[in-house]
Amino acid sequence: MGETEGKKEEADYKRLQTFPLVRHSDMPEEMRVETMELCVTACEKFSNNNESAAKMIKETMDKKFGSSWHVVIGEGFGFEITHEASAALSVEWT
């Protein structure tokens, strides 16, 4: 019984600590909201497979908003993105 309780507490902790925080976006509001919903859905669906989540997000964004989207999902790293066109989104999961 103790092991089950420990797993439940760990799952609850992870659920409380994983939410998207938009640092900066020059996307239109509707596009930003739709993108965030897609990211949350993909990360929940593929919670143990970041590559599949990234693929789902990229393919959906390419179809919906045109090609050339880049998706980075992972833990324990940092990155910086620069762009020349509009529709950039910088998200931090805490």
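The values are calculated or read from the model by the stated rules, or taken from the named source; none is laboratory data. All figures in this text were calculated on a predicted structure; none of them were measured in a lab. All Cβ positions, glycine included, derive from the backbone under ideal geometry; neighbour counts span all protein chains shown. What goes into the accessible areas is simple: the full protein's heavy atoms, side chains included, and nothing from ligands, DNA or RNA. Shrake-Rupley method; radii C 1.70, N 1.55, O 1.52, S 1.80 Å.
If you check every pair at least six apart or on different chains, which have Cβ atoms under 7 Å apart with a residue in segment 58-74 that is over 15 Å from E37 (Cβ atoms) first and a residue that is exposed (fewer than 10 other Cβ atoms within 10 Å of the Cβ) and at pLDDT below 90 second?
Between residues of segment 58-74 that are over 15 Å from E37 (Cβ atoms) and residues that are exposed (fewer than 10 other Cβ atoms within 10 Å of the Cβ) and at pLDDT below 90, the close pairs are V72/F79.
Looking at K63, K58, which one is out of contact with any Asp or Glu (no Cβ under 9 Å at 6 or more places or on another chain), open to solvent by 80 Å² or more (accessible area, probe 1.4 Å) and at pLDDT 75 or above?
Residue meeting the stated conditions: K63.
I'd like to check something: does segment 76-89 contain any residue that is at pLDDT below 80, at positive phi and loosely packed, with under 10 Cβ neighbours inside 10 Å?
Yes, because at least one residue in segment 76-89 is at pLDDT below 80, at positive phi and loosely packed, with under 10 Cβ neighbours inside 10 Å.
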